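> Let me give you the structure first, and then I'll get to my questions.
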Number of protein chains: 2
Amino acid sequence: MHGDSTPVSIGIVGVGKIARDQHLPALAAQPGFSLAACASPHSRVEGLPHYTTLEAMLAEETALRAVSLCTPPQVRFAQARAALAAGKHVMLEKPPGASVSEVAILADLARQNRCTLFASWHSRHAPGVEAARDWLASRAIVSVNVQWKEDVRRWHPNQAWIWEPGGLGVFDPGINALSILTRVLPHAFFLTSADLWVPANQQTPIAAHLAFTDERGTAIAAEFDWRHDAGELWQIDVTTRDGTLRLAQGGKQLTIDGAEIDVGPEREYPSLYTRFLELIASGESDVDVRPLQHVADAMLLGRRHLIDPFVP
Amino acid sequence: MHGDSTPVSIGIVGVGKIARDQHLPALAAQPGFSLAACASPHSRVEGLPHYTTLEAMLAEETALRAVSLCTPPQVRFAQARAALAAGKHVMLEKPPGASVSEVAILADLARQNRCTLFASWHSRHAPGVEAARDWLASRAIVSVNVQWKEDVRRWHPNQAWIWEPGGLGVFDPGINALSILTRVLPHAFFLTSADLWVPANQQTPIAAHLAFTDERGTAIAAEFDWRHDAGELWQIDVTTRDGTLRLAQGGKQLTIDGAEIDVGPEREYPSLYTRFLELIASGESDVDVRPLQHVADAMLLGRRHLIDPFVP
């Protein structure tokens with residue numbers, strides 16, 4: 001089936017906020033895919049065949065070639081396994097699982113079933129990211145500072161799963177920063193210490209300060225905070241011997257020593273689906289667990305501070 | 001230097017409980033190594049050149065070919081990096097680091113410096129483990145039950161680091177069970193849920209219940225508890241269609257359907273050093289992070305229950 005021009009028939013699983021905000025518009029604009037069905041326990045998409053479960057969709061929609069999972073991470077493994085076992089190519093929203101270990105098992109299953117598995121990190125497709133990576137590749141890096149702050153009430157309304165174990169809390173947006181960092185920095189890094197602030201009535205942190213380093217001893221600091229009600233601050237500063245690079249607005253804006261570089265318009269999710277299409281065509285998978293690994297390390301090594309209850 | 005019969009000159013770093021209980025006797029009985037020096041901020045070993053830091057030992061003891069790190073995991077990366085950079089072969093006590101990500105960086109450093117890195121898991125060298133692995137390799141496994149319980153006051157006196165972030169708490173012994181499980185079970189498994197009990201005055205859990213599964217849906221349950229004052233229970237039961245295998249006493253005793261198999265005497269640490277010697281001779285490394293990965297997953301995905309303060 002590789003190389004022909006027939007659109008890839010795809011089903012969406014989990015019609016929640018991210019599916020409506022991003023996946024459905026991106027798929028509608030992407031002629032390489034043909035959206036054939038959706039599966040979600042309660043939500044429907046106007047004009048599209050609907051199933052309450054992935055299993056029902058797989059049983060009925062036999063022409064599907066791919067599945068995109070927009071469900072919370074806690075249920076992603078079972079769904080991905082079922083789709084791969086049925087021979088479907090699978091794209092996973094971030095994070096790719098509730099545990100790091102399960103993702104390696106999915107990657108093996110994809111290989112065994114000759115399917116593509118794409119563990120997507122949408123922030124890596126922000127327009128400034130590849131240009132930042134290219135610029136940093138040959139630079140001597142002195143320090144890195146990450147500020148990733150937003151108002152949880154604005155960005156995650158009614159998402160109870162995000163406060164549950166495996167829901168990641170403030171690492172749900174913070175992992176976007178980590179997915180960019182692991183892409184743009186030329187050397188692997190690791191956590192040395194972390195402070196996590198956890199509301200007494202919740203399981204996951206509402207704020208985190210992280211200190212990383214690499215084998216050269218580079219200081220890499222990150223602050224994630226969900227209690228930021230003055231707009232959004234999604235920003236990475238990299239100080240090098242040749243000047244300072246700033247990725248702002250989540251990667252949409254790139255400046256070097258204050259001079260803005262034209263990186264084109266934001267199209268993260270359209271770019272994700274283009275990448276998924278390329279992976280399917282070439283018979284490859286793309287599974288990089290490092291951003292989730294850093295979060296697991298932060299939960300392993302972080303010092304927890306219990307704070308007042310927080311009602312989302 | 002490969003293949004000659006000169007003993008490998010080795011230095012011990014961190015002369016604490018595990019070094020005195022296990023490493024020093026094992027090295028004394030192993031003619032392949034010659035213990036040349038030790039580095040530890042306060043403790044000395046009678047009759048052995050002593051340094052307060054690894055760096056001082058490396059600077060003076062230029063004939064050293066290998067270093068064994070018996071320090072807490074929080075300082076292990078910096079020490080391993082320094083030793084590898086000086087061209088020494090390195091053996092790490094378990095766990096191999098305070099984060100999972102740092103271990104991959106150490107493995108790269110070992111490759112670059114053509115040194116052996118041995119991330120040791122002493123419980124894998126318990127006498128029943130390989131026989132259990134062989135017996136299970138062809139069996140259909142129905143379920144697995146792990147009980148790993150001991151009295152923390154008996155086994156970890158005065159070890160403040162174990163209650164600190166990165167010290168792992170009850171996972172410090174529990175990871176021994178996980179190091180055996182990842183060796184004896186024929187299929188990769190992953191965590192699906194966990195409950196962690198954390199004393200209000202400590203950072204790490206005193207008890208944990210873990211539920212794992214694999215791609216076949218096998219139920220794998222583990223209970224770790226440090227509040228067990230009736231001897232030790234270090235036991236793994238694997239129910240198969242051909243009968244039940246039990247590894248008891250931390251892997252020293254193997255029974256199948258109640259019939260004990262003769263697996264020989266306990267010699268975990270002597271066996272570790274024999275393995276280290278073989279790795280050095282063949283120019284290989286052995287770095288398996290899966291046991292630590294499972295612990296990180298448990299800290300990522302576990303539900304925390306705060307309980308009364310515990311004074312060790």
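The values are calculated or read from the model by the stated rules, or taken from the named source; none is laboratory data. A quick note: this is a predicted structure, and the numbers were derived from the prediction, not measured. Note: ideal-geometry Cβ built from the backbone for every residue, glycine included; neighbour counts use all protein chains shown. Ligands, DNA and RNA are stripped out before the accessible areas are found, and what is left, the full protein with its side chains, is counted by its heavy atoms. Shrake-Rupley method; radii C 1.70, N 1.55, O 1.52, S 1.80 Å.
> So how far, in whole Å, is the C-alpha centre of the stretch B:243-308 from the one of the stretch A:1-52?
If we compute the Cα centre of each part, the gap is 46 Å.
> Net charge near A:Val67, counting Lys/Arg +1 and Asp/Glu -1 over other residues with Cβ under 11 Å of its Cβ? List each step's numbers first, then the result.
Values: positive: A:Arg65, A:Lys88; negative: A:Glu61.
Residues near A:Val67 contribute +1 overall.
> Suppose each label sits 7 Å from its Cα in the direction of the beta carbon; what would the A:Ala29-B:Asp257 distance come out to in nanometres?
Modelled inter-label distance: 6.6 nm.
> Find which of A:Ser143, A:Thr244, A:Ser271 sits farthest along the positive direction of the dipole of chain A, computed with +1 on the beta-carbon of Lys and Arg, -1 on that of Asp and Glu, about the Cα centre.
Value computed over the given set: A:Ser271.
> Now a separate question. Cα gyration tensor of the stretch A:11-52, axes a ≥ b ≥ c as square roots of the eigenvalues: rounded (a/c below 1.5), prolate (a/b > b/c) or oblate?
Working: a/c = 2.26, a/b = 1.40, b/c = 1.62.
In terms of gyration-tensor shape, oblate.
> Across peptide A:286-294, what mean number of C-beta atoms from other chains lies inside 10 Å of a residue's C-beta?
On the way: counts 0, 0, 0, 2, 2, 0, 3, 8, 3.
Other-chain Cβ atoms within 10 Å of each residue's Cβ, averaged: 2.
> Could you work out the mean count of beta carbons from other protein chains within 10 Å of each residue's beta carbon in B:190-201? If you can, show how the numbers build up before the last one.
On the way: counts 11, 6, 7, 5, 3, 1, 1, 0, 1, 0, 1, 0.
The per-residue average across the peptide is 3.
> A further question on this structure: Checking an interface number: how much accessible area is buried between A and B, summed over both chains, with a 1.4 Å probe, in Å² rounded to 100? Each step should come with its number before you reach the end.
Working: alone 14040 and 14040 Å², together 25090 Å².
About 3000 Å² of accessible surface is lost on pairing.
> In the stretch B:218-289, which trypsin sites (Lys or Arg not before Pro) fall in coil by DSSP and have 13 or fewer other Cβ atoms within 10 Å? Don't skip to the end; give the middle numbers.
Working: sites: B:Arg227, B:Arg241, B:Arg246, B:Lys252, B:Arg267, B:Arg275; in loops: B:Arg241, B:Lys252, B:Arg267.
Those satisfying the criteria are B:Arg241.
> Ok, one more. Calculate for the protein assembly as shown the 222 nm mean residue ellipticity that helices alone would give, adding -39,500 (n - 2.57) per DSSP H run of length 4 or more and normalising by residue count, nearest 500 deg cm²/dmol.
Details: 18 runs with 176 residues, N = 624.
Roughly -8000 deg cm²/dmol at 222 nm, from the helical runs in the protein assembly as shown.
> Could you work out how far helix B:100-112 tilts from the main Cα principal axis of chain B, as a 0 to 90 degree angle to the nearest 10?
For helix B:100-112, the angle is close to 40 degrees.
> Identify the trypsin sites (Lys or Arg not before Pro) of the stretch B:84-127 meeting these criteria: DSSP loop state and at most 10 other C-beta atoms within 10 Å of the C-beta.
Working: sites: B:Lys88, B:Arg111, B:Arg114, B:Arg124; in loops: B:Lys88, B:Arg114.
Answer in residue order: B:Arg114.
> Looking at the stretch B:28-73, which GluC sites (Glu not before Pro) are DSSP coil and have at most 10 other C-beta atoms within 10 Å of their C-beta?
Passing sites in the stretch B:28-73 are B:Glu46.
> In square nanometres, what is one fourth of the surface area of the convex hull spanned by the alpha carbons of the stretch A:96-244? Write down the numbers at each step before the final one.
On the way: hull surface 42.8 nm².
Projected over every direction and averaged, the Cα hull of the stretch A:96-244 covers 10.7 nm².
> Based on the Cα gyration tensor of the stretch A:239-298, what are the three equivalent ellipsoid semi-axes, each the root of five times an eigenvalue, rounded to whole Å and given largest first? It would help to have the intermediate numbers written out before the result.
On the way: eigenvalues 157, 77, 23 Å².
Values for the stretch A:239-298, descending: 28, 20, 11 Å.
> Sticking with this one: Put the label 7 Å from Cα along Cα→Cβ for A:Glu46; what are its distances to the other copies, in nanometres, shortest first?
8.6
> Cβ under 14 Å from B:Phe77's Cβ, B:Phe77 left aside: what net charge do those residues give with Lys, Arg +1 and Asp, Glu -1? Could the numbers behind the result be given before it?
Working: positive: A:Arg216, B:Arg76, B:Arg81; negative: A:Asp214, A:Glu215, A:Asp297, B:Glu93, B:Glu102, B:Asp108.
Once all neighbours under 14 Å are counted, the net charge is -3.
> Expressed as a whole number of Å, what is the distance separating the alpha-carbon centroids of the stretch A:209-234 and the stretch A:61-104?
A separation of 30 Å, based on Cα centres.
> Still on this structure, please answer the following. How far is A:Gly243 from the same spot in each other copy, in nm, shortest first, if each label point sits 7 Å from Cα toward Cβ?
The answer, with the shortest distance listed first, is 7.4 nm.
> Over chain A, with a Gaussian network built from C-alpha contacts below 10 Å, which listed residue (A:Gln79, A:Gln112, A:Gln293) shows the highest mean-square fluctuation?
Sorting by GNM fluctuation, first place goes to A:Gln112.
> Assume the label is 7 Å from Cα along Cα to beta carbon: what separations in nm does A:Glu232 have to the matching positions in the other copies?
A:Glu232 label point versus its equivalents elsewhere: 5.2 nm.
> In degrees from 0 to 90, rounded to the nearest 10, what is the angle of the helix B:268-282 Cα long axis to the longest principal axis of chain B?
With rounding to tens, the tilt is 60 degrees.
> What does the charge add up to near B:Ser193, with Lys and Arg as +1, Asp and Glu as -1, over the other residues with Cβ less than 11 Å from its Cβ? Walk me through the numbers on the way to the answer.
On the way: positive: B:Arg303; negative: A:Glu164, B:Asp195, B:Asp297.
Computed value for this residue: -2.
> Under 26 Å between alpha carbons, and skipping anything fewer than 8 positions from B:Lys94 in its own chain: which lysines qualify?
B:Lys17, B:Lys149, B:Lys252
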